[in-house]
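Undergrad: I have a structure here, written as structure tokens, and I will follow up with some questions on it.
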Amino acid sequence: MSDLLFGVSIKSVIGDITSVMVEKIEFDSRKVSDSDLFIAIKGVNVDGHSFIDLSVKNGAKSVIVEEIPEKINEEICYVQVDCS
């Protein structure tokens, strides 16, 4: 995953970014499957941060967020950026 984030301005990381293997990148939590990276995007009508738990339930092993969630799953790598 660290290769995917090369050049991205990272604010903070919770979890081991170096050991996470990413199968694909997904913006829709309903389409997430095992080992996917979920990107939580704040949209005009919907905030992807509301779907972090669903994406993890569906198999995401890492998430890119603007805001770190209050409830942290220790098996997941959270990468905080300025603008997801």
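None of the figures in this text is laboratory data; all of them are computed from the coordinates on show. Everything numeric in this text was worked out from a predicted model, so none of it was measured. For neighbour counting, all protein chains shown are included, and Cβ atoms are generated from backbone atoms with ideal geometry for every residue, glycine included.
Undergrad: Return the distance in nm (one decimal) between the two label points of a simple spin-label model at residue 45 and residue 4, each offset 7 Å from Cα along Cα→Cβ.
TA: Output for this residue pair reads 2.7 nm.
Undergrad: For percent of Cα pairs over 18 Å apart, which listed value, [x] 33; [y] 37; [z] 71, comes from the coordinates shown?
TA: Label [x] holds the value from this structure.
Undergrad: Per residue of the chain, what 222 nm ellipticity follows from adding -39500 (n - 2.57) for every DSSP H run with n ≥ 4, rounded to the nearest 500?
TA: -1500 deg cm²/dmol
Undergrad: Could you name the aspartates and glutamates in cross-link range of residue 61, using Cα to Cα under 12 Å and dropping any fewer than eight places away on the same chain?
TA: 16, 23, 26, 34, 36, 53, 74, 75
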